[in-house]
Each structure stands twice: as C-alpha cells, then as structure tokens.
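Enquirer: Structure in structure tokens, see below.
The values are calculated or read from the model by the stated rules, or taken from the named source; none is laboratory data. Keep in mind that this is a model prediction, so the values were computed, not measured. Virtual Cβ from ideal backbone geometry, glycine too; neighbours counted across all protein chains shown.
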Amino acid sequence: MSPKNKLDLWLPRLVLSPSLLAVLIAVYLFIVWTAWISLSSSQMVPKFDFVGVEQYVRLWSTPRWHTAVANLFIFTALFLTITIALGLFLAILLDQKVRAEGFLRAVYLYPMALSFIVTGTAWKWILNPDLGLQKVINELGWTGFVFDWITQPSFAIYCVVIAAVWQSTGFAMAIFLAGLRAIDTSIIKAAQIEGASLPRIYLNVIVPMLRPAFLSVIVLLSYISIKSFDLVLALTNAGPGSATEMPSTFMFAATFRRNQMGVGAASAIMMLMTVAAIIVPYLYSELREDRNAH
Amino acid sequence: MRTEEHSARRSRQIGRVFIYGSLIALAAFYLMPLWVMTVTSLKSLDEIYGGSFIGMPKAITLEAWNKAWQEACIGTACTGLRPYFINSILMVVPAVILSTGIGAINGYILTKWRFAGANAIFGLLLFGCFLPFQAVILPMAQVLGRLHLSGTIPGLVLVHTVYGISFTTLFFRNYFITIPDELTRAAQIDGAGFFRIFFSVMLPTALPIIVVSCIWQFTQIWNDFLFGVSFTAGQSSPITVALNNIVNVTMGRKQYNVDMAAAMIAAIPTLFVYVVAGRYFVRGLTAGAVKG
C-alpha cells in the first residue's frame, strides 16, 4: 500500500516495534544471555566471568546427561516412526469415504487438546502394574501377562513413547489428511483402471506425493520430542532412578534443583542448537517457497 | 466373467471390514484413557483397591471430585484445585486477549504496510514459534525478579504474551495475505488511515482467524507447565503445576480417584473448547505446518 502521508509512513513501523523489541529481547538477547552463562562459572547465582567451555566439559562428563541424550535418540526415533506410521494409516483409512468420519477424527484428535501433565497422570495410572492394565488382563484369564515397563529402568522410556504417541497421532493424522484431500482423485482412478490394487497405489503413488506433509510432520514432531518435559515429569519423574532422564528434565534439575546453573545453561544451549539445526533450514525453505509463490 | 466380478466385490467387502475394524479398534485405544479417568474418578478408593479398573463404578460417588476441587493438599496447603483453577483463568484470559490483539495488528502491518525488511522481521518472529523455552527460562527468571513480577500472575501473563506473539503473528499474517490489497487501497482512497482500516476493514473479515488464534493460545497457555513451574511457587501456581503436585504426593495410600478427578478438572476447559470449536482447533494445529 502506498502511504498517503508521513504519518502513515512511520505509524506501521512504530506499532510493530514493541513486538519486535519484545521478541528481540525475550528470544534473541535471552539466548545470548544463556550462552554467556554457559561459558561462565555460574552455579547458584549468575556470574558473568569467562571460563571457556568448562561447563560443556562438565556436562559431557556427567553420566546423567549421557542417559538423557541416549533417551532422546531412542524416544525420538520410536516416537516419530510410530506416530507417523499410525497417523498416516488413520488418514488413509479416513480418506476412504467412511461413515462418521467427523466423529472418528475428533476421537483421534482430542488428546492433542490435553496438557501433557494430564496425559502423564492418566497413563501413569493405566500403566500401574498393581492396579492398572496388567491386572485387568491377568483377571481376564491371561495370568502370565506382564506389563510392568514403568517400573523397569530399561523399559520405562517405552512408556513415555506410548503416552506421547497416544497424544500426538491425531496431529500427524490431521496434516496427512489435509495432504490427501489436496491430491487429485483422478490419479487413483487412472491407476485402478490400469489394474493396480488400492494398497499398491497408495504405497507407490500417493505416499510419495505427500512429501511436503511428511516434512512438516517430521519437523514438528522432532520439535515436540526435544522439548518434551512435562510428559516425562508427570509420567515417570525421570525415573526409575534416572532411567527416563531427557535433556529437558536434565536442564531443569541442574538449574533449579542442583545449583548447577552453568551446566544447566550449557545443556539448554545444546538443546537449542539441536532444534535450530532442524528448524532453521525448514523455515528458510518455507519462506523462500512463499516468496516464489507471491 | 461372473466369478471375477464376484471376487472383486468380495475383496471390496473384505477391504471395508478391514477399514472399519481398524478404525473402531484404534478409536477404542484413543478413548480408553478418557474412559478410565472418568470411571476411576467416580469410584470410591475401596473399590479401586478392590481391583476395579476399567469397569463401571458399582456405586457412583462424587467424593473424589469434591476432594480434588476443595480438599486435596498441594504442598502444605490443603485447598484443593480451586484457587489454582482461578489462577489459571486469571492468567489465560488477559494473555489470550493481549497476544491475539498484538498478533492481529502485526499481521496487518506485515501484509498491508510492507516496508523494506518486513520479511526479515517476520522470519525473526517466526523462530520464536520453535524456541525451546529451556534456552530462555534462566534470563526470564532474572528479569521477572527485577520487575518484581516473579511468582505472580501478571508475570506469567507477560511471559505468555511475549512468547505467544510469534504464533499469533503467523496466524494473522497468513490470513491477511489472502485478503486482496484492493480492499485496503479503496479504503485508503476514501480517506481512512492506518487504524481506521484495521478496525473497520480488516478486523470484520478476520473472525475465523481470531477464533483460531484464541483457541490455540488458550490451549497452549492453559496447558503450559514449564513456565508455571519455573516462575511460580506455592499459592500462585497455575493448575498444571498444582495437578502435578497432587499426583506426586507419596504419603499414605495413594488416592487414584482424586488424582483422576484432578486431572479431569485440569482437562475440562480445553476439552470443552475442543468439543465446541474443534474445527478451528484443527486449523490452528495445522497452521504451523501448512502455509496459509
């Protein structure tokens, strides 16, 4: 729009500037602040000296942090694979002109409206081996059935995966369904006339066309998994022991419980760099496509 | 020929059975936790320890709901969830209104009053959507302390508003970009200024995206835990923090029915919004992924 007078020339910039300033401070300046703390000797209170990468060395020599990083990899790999597979499966089934589609979609999606604390609380109860699901199945006659993962240090992380998948599948489904609805159905008909079976058409023709949806889902789910904090805290409280420690819970405990502010800041910067490595190229490509489109 | 047709129909039928079978089985899986939470919250503690998990309560009792609402202990204060529910409302209402309002005007500027560098500014704002908050909670805690806002509801309102701006700006920017520039240009020729065009031309068209933004912000802020647990303590906590405290009490016989009632109380506002306006909720969810 061409500004009609001087006022209209600077007014938009003036109105936008508080937001810009707030974000510059609360996002970018604060990141610099945290990065600085991670290079200082801060423990209980922030100190603005400089000790180089000492805190990072301490961080990477902490066994708990190694557990956290390993868990993040296990969790992210399983969480992404299962959520994407299940979400895509649901989206394809819902795209077959089924009855009560609206109702079913709502059922798969409602967990997304819940707090991770609520999800964690509910699943903690379901996975409780003494009174929960295990007991019900035992009483149904399958007495040998054992499902006590939440009490087993080497299996508890899979409980976090189950709860996270339960909460996030609807999200993957919604994005895949939007992608499927945008595909021209005549492609399916043409392939059917050539004699291809429906599952084969989906596998070889339709799924490859969902590339943009895959990209979005992978990026956003990775982001959810890196920052997942509340779910772990509510479901396992990072235990048994430190078996389900994640970078986010490690950061919180180091900073607010163990007076290791420097180590906490270093772990936060590690998390930030991981997220940025995924998100920045994604945003860059999205914005560039946007510019080409206009 | 006939048998071929017959077998084609048969395989179609098998396909339909497979589709509905899978959809119903998975629907049961997704509904199960909600069901378990509901029935557990309506049972007496004796019935729960007597081994009833998934079945209907023998005798429905609201005792656990009553306890969760006004008797359960959060730390040393046995006030139930009620004060924390109120805290969450006092936090969520201003934060939603402020962040949505600011996002609306930002989106308007970034689409209808473009100036050099507007795209770069948008990119800077956008990264805020994906910021792992762990990277900013330390300095934020310091700043809230300096402003004498730590541990207060206004402090949480400020934090949620600032970190909400990125998302709300994205919503409105992607929406306003679809509104033809002719509309604003015509208003300008008629003599309308910057604010006049915003309030009488843009906002009236923006109702759907206002709803999307409010629902998204409401869900995010109501469900937040990290900011709540980092910046508040005791009586000023939001409901998610109080819920986590109730559940993690380790003394005495664990009151699962109270835990579930408390979880339901924390979940009801967002579930209600989802049931009433699910369509808009989905739009907010996919807005970060699918370009407007």
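Enquirer: Report yes if A:LEU221 is surrounded by 12 or more Cβ atoms within 10 Å (Cβ to Cβ) and within 16 Å of the chain's Cα centre (by Cα), otherwise no. Walk me through it before giving the result.
Expert: Details: surrounded by 12 or more Cβ atoms within 10 Å (Cβ to Cβ): yes; within 16 Å of the chain's Cα centre (by Cα): yes.
Yes, satisfied.
Enquirer: Could you identify the single residue in A:LEU104, A:LEU16 that is surrounded by 15 or more Cβ atoms within 10 Å (Cβ to Cβ), within 30 Å of B:PHE122 (Cβ to Cβ) and among the aliphatic types (A, V, I, L, M)? Show your work before the answer.
Expert: Values: A:LEU104 fails: within 30 Å of B:PHE122 (Cβ to Cβ).
From the options A:LEU104, A:LEU16, the qualifying one is A:LEU16.
Enquirer: Could you check the stretch A:202-294 for helices (runs of 4 or more DSSP H) lying wholly inside it with 2 or more residues that are of a type in the set (Gly, Ala, Ser) and within 30 Å of A:ILE150 (Cα to Cα)? Talk me through it step by step, then tell me what you get.
Expert: Working: elements: A:211-227, A:230-235, A:247-252, A:261-293.
Passing ranges, in order: A:211-227, A:261-293.
Enquirer: Could you look through the stretch B:13-33, keep only residues that are within 15 Å of A:ALA122 (Cβ to Cβ) and surrounded by fewer than 17 Cβ atoms within 10 Å (Cβ to Cβ), and pick out the one that is nearest to the chain's Cα centre (by Cα)? Full working, then the answer.
Expert: Pass one, the stretch B:13-33, residues within 15 Å of A:ALA122 (Cβ to Cβ): B:29-33.
Right, trim to surrounded by fewer than 17 Cβ atoms within 10 Å (Cβ to Cβ) and you get B:29, B:31-32.
Values: B:PHE29: 22, B:LEU31: 19, B:MET32: 21 Å.
Filtering the stretch B:13-33 for residues that are within 15 Å of A:ALA122 (Cβ to Cβ) and surrounded by fewer than 17 Cβ atoms within 10 Å (Cβ to Cβ), the one nearest to the chain's Cα centre (by Cα) comes out as B:LEU31.
Enquirer: List every residue pair whose Cβ atoms sit under 9 Å apart, with the two residues 6 or more apart in sequence or on different chains, where the first one lies in the stretch B:234-246 and is surrounded by fewer than 24 Cβ atoms within 10 Å (Cβ to Cβ) and the second, anywhere, is not in a helix (DSSP H, G or I) and not small (Gly, Ala, Ser).
Expert: From residues that are surrounded by fewer than 24 Cβ atoms within 10 Å (Cβ to Cβ), the pairs are B:GLY234/B:ILE74; B:GLY234/B:THR76; B:GLN235/B:ILE74; B:GLN235/B:THR79; B:SER236/B:THR152; B:ASN245/B:CYS73; B:ASN245/B:ILE74.
Enquirer: With the structure loaded, tell me whether A:VAL45 is farther than 19 Å from B:VAL162 by Cβ and loosely packed, with under 12 Cβ neighbours inside 10 Å or whether it fails that test. Show your work before the answer.
Expert: Values: farther than 19 Å from B:VAL162 by Cβ: yes; loosely packed, with under 12 Cβ neighbours inside 10 Å: yes.
For A:VAL45, the condition - farther than 19 Å from B:VAL162 by Cβ and loosely packed, with under 12 Cβ neighbours inside 10 Å - is met.
Enquirer: Suppose we filter the stretch B:137-182 for residues that are in contact with a Ser or Thr (Cβ under 7 Å, 6 or more places away or on another chain) and without any contact (Cβ under 8 Å) to a residue 12 or more places away in the chain; how many remain?
Expert: 2
Enquirer: To continue, here is another question. Which residues, taken from the stretch B:269-280, are more than 10 Å from chain A (Cβ to nearest Cβ) and without any contact (Cβ under 8 Å) to a residue 60 or more places away in the chain? It would help to see each step written out before you state the result.
Expert: Applying the first criterion (more than 10 Å from chain A (Cβ to nearest Cβ)) to the stretch B:269-280 yields B:276-277, B:280.
Answer for the stretch B:269-280, where residues must be more than 10 Å from chain A (Cβ to nearest Cβ) and without any contact (Cβ under 8 Å) to a residue 60 or more places away in the chain: just B:VAL276.
Enquirer: Which residue is farthest from the other protein chains (Cβ to nearest Cβ), if the candidates are limited to the stretch B:43-88 and must be touching a residue at least 24 places away in the same chain (Cβ under 8 Å) and aliphatic (A, V, I, L, M)?
Expert: B:ALA77
Enquirer: Could you look through the stretch B:98-121, keep only residues that are in contact (Cβ under 8 Å) with a residue 40 or more places away in the chain and farther than 15 Å from B:ILE209 by Cβ, and pick out the one that is farthest from the other protein chains (Cβ to nearest Cβ)?
Expert: As a first pass, look at the stretch B:98-121 and keep what is in contact (Cβ under 8 Å) with a residue 40 or more places away in the chain: B:98-100, B:102-108, B:110-113.
Then keep just the ones that are farther than 15 Å from B:ILE209 by Cβ; that gives B:98, B:113.
On the way: B:LEU98: 11, B:TRP113: 4 Å.
The selected residue is B:LEU98.
Enquirer: Taking the criterion of being facing another protein chain (nearest Cβ under 9 Å), among the small types (Gly, Ala, Ser) and over 16 Å from the mean Cα position of the chain (by Cα), would at least one residue in the stretch B:245-265 satisfy it?
Expert: yes
Enquirer: Same structure again: Give me the residue from the stretch B:189-215 that is touching a Ser or Thr at 6+ places or on another chain (Cβ under 8 Å) and either under 22 Å from B:LEU98 (Cβ atoms) or at the interface with another protein chain (Cβ under 10 Å from one of its Cβ atoms) (or both) and, out of that set, surrounded by the most Cβ atoms within 10 Å (Cβ to Cβ). Even if it seems obvious, please write down each step before you answer.
Expert: If we filter the stretch B:189-215 for residues that are touching a Ser or Thr at 6+ places or on another chain (Cβ under 8 Å), which is where we start, we get B:192, B:197, B:201-202, B:210, B:213-214.
Next, only the ones that are either under 22 Å from B:LEU98 (Cβ atoms) or at the interface with another protein chain (Cβ under 10 Å from one of its Cβ atoms) (or both) stay: B:192, B:197, B:202, B:210, B:213-214.
Numbers: B:ALA192: 17, B:ILE197: 23, B:MET202: 22, B:ILE210: 19, B:SER213: 30, B:CYS214: 20.
Among those that are touching a Ser or Thr at 6+ places or on another chain (Cβ under 8 Å) and either under 22 Å from B:LEU98 (Cβ atoms) or at the interface with another protein chain (Cβ under 10 Å from one of its Cβ atoms) (or both), it is B:SER213.
Enquirer: Oh, and also: Mind checking which pairs have a first residue in the stretch A:274-287 that is touching a residue at least 60 places away in the same chain (Cβ under 8 Å) and a second that is surrounded by 11 or more Cβ atoms within 10 Å (Cβ to Cβ), Cβ under 6 Å, 6 or more apart or different chains?
Expert: A:ILE279/B:PHE130; A:TYR282/A:VAL219
Enquirer: Checking A:ILE150 against (1) surrounded by 21 or more Cβ atoms within 10 Å (Cβ to Cβ); (2) farther than 30 Å from B:VAL241 by Cβ; (3) at pLDDT below 90, which single condition isn't satisfied?
Expert: (2)
Enquirer: Let me ask something else. Take the stretch A:170-201 and flag every residue that is closer than 17 Å to A:GLN96 by Cα, in a helix (DSSP H, G or I), more than 25 Å from the chain's Cα centre (by Cα) and among the β-branched types (Val, Ile, Thr).
Expert: Result: A:ILE187, A:ILE188, A:ILE201.
Enquirer: Can you tell me which residue among B:MET260, B:MET202 is farther than 23 Å from B:GLY164 by Cα and assigned to a helix (DSSP H, G or I)? It would help to see each step written out before you state the result.
Expert: Details: B:MET202 fails: farther than 23 Å from B:GLY164 by Cα.
Sole residue among the options that is farther than 23 Å from B:GLY164 by Cα and assigned to a helix (DSSP H, G or I): B:MET260.
Enquirer: Among the residues of the stretch A:235-245, are any among the charged types (D, E, K, R), surrounded by fewer than 17 Cβ atoms within 10 Å (Cβ to Cβ) and out of contact with any Cys (no Cβ under 7 Å at 6 or more places or on another chain)?
Expert: Start the filter on the stretch A:235-245 by keeping residues that are among the charged types (D, E, K, R), which leaves A:245.
Applying the additional criterion that residues be surrounded by fewer than 17 Cβ atoms within 10 Å (Cβ to Cβ) yields none.
No - not one qualifying residue is present in the stretch A:235-245.
Enquirer: If you don't mind, there's one more thing I want to ask. Take the stretch A:107-141 and flag every residue that is among the small types (Gly, Ala, Ser) and surrounded by 24 or more Cβ atoms within 10 Å (Cβ to Cβ).
Expert: At the first step, the residues of the stretch A:107-141 found to be among the small types (Gly, Ala, Ser) are A:113, A:115, A:120, A:122, A:132, A:141.
Across the stretch A:107-141, the qualifying residues are A:ALA113, A:SER115, A:GLY120, A:ALA122.
Enquirer: When residues of the stretch A:244-260 are filtered for being hydrophobic (A, V, I, L, M, F, W, C), touching a residue at least 40 places away in the same chain (Cβ under 8 Å) and either facing chain B (nearest Cβ under 10 Å) or touching a Pro at 6+ places or on another chain (Cβ under 6 Å) (or both), how many remain?
Expert: Of the stretch A:244-260, the ones hydrophobic (A, V, I, L, M, F, W, C) are A:246, A:250-254, A:256.
Among the residues that remain, those that are also touching a residue at least 40 places away in the same chain (Cβ under 8 Å) are: A:246, A:250.
The next check asks that each one be either facing chain B (nearest Cβ under 10 Å) or touching a Pro at 6+ places or on another chain (Cβ under 6 Å) (or both); those that pass are A:250.
Total satisfying the criteria: 1.
Enquirer: For the stretch B:216-240, which positions are outside any helix (DSSP H, G or I) and polar (S, T, N, Q)?
Expert: Answer for the stretch B:216-240, where residues must be outside any helix (DSSP H, G or I) and polar (S, T, N, Q): B:THR232, B:SER237.
Enquirer: Going through B:GLY164, B:GLY128 one at a time, which residue ends up being at the interface with chain A (Cβ under 10 Å from one of its Cβ atoms) and on the phi < 0 side of the Ramachandran plot? Walk me through it before giving the result.
Expert: Values: B:GLY164 fails: at the interface with chain A (Cβ under 10 Å from one of its Cβ atoms).
So the residue among B:GLY164, B:GLY128 that is at the interface with chain A (Cβ under 10 Å from one of its Cβ atoms) and on the phi < 0 side of the Ramachandran plot is B:GLY128.
Enquirer: Now for a separate question. Anything in the stretch B:174-185 that is within 11 Å of another protein chain (Cβ to nearest Cβ) and part of a helix (DSSP H, G or I)? List them, or say none.
Expert: Those that are within 11 Å of another protein chain (Cβ to nearest Cβ) and part of a helix (DSSP H, G or I): B:ASN174, B:ASP181, B:GLU182, B:LEU183, B:THR184, B:ARG185.
Enquirer: May I pose another question? Please work out if B:SER150 is polar (S, T, N, Q) and modelled with pLDDT of 90 or more.
Expert: It is false that B:SER150 is polar (S, T, N, Q) and modelled with pLDDT of 90 or more.
Enquirer: Grab the helices (runs of 4 or more DSSP H) fully contained in the stretch A:1-115, keeping just those with 1 or more residues being of a type outside the set (Phe, Trp, Tyr) and facing chain B (nearest Cβ under 8 Å).
Expert: Details: elements: A:6-23, A:30-38, A:54-60, A:63-94, A:101-109.
Ranges flagged: A:6-23, A:30-38, A:63-94, A:101-109.
Enquirer: As an exercise: evaluate B:PHE171 against (1) hydrophobic (A, V, I, L, M, F, W, C); (2) modelled with pLDDT of 90 or more; (3) assigned to a helix (DSSP H, G or I) and give the number of the one condition it does not meet.
Expert: Here B:PHE171 meets the rest and fails (2).
Enquirer: Restricting to the stretch B:241-257, name every residue that is outside any helix (DSSP H, G or I) and within 24 Å of B:ILE153 (Cβ to Cβ).
Expert: Of the stretch B:241-257, the ones outside any helix (DSSP H, G or I) are B:248-255.
Once the filter is applied, which keeps residues that are outside any helix (DSSP H, G or I) and within 24 Å of B:ILE153 (Cβ to Cβ), the stretch B:241-257 yields only B:ASN248.
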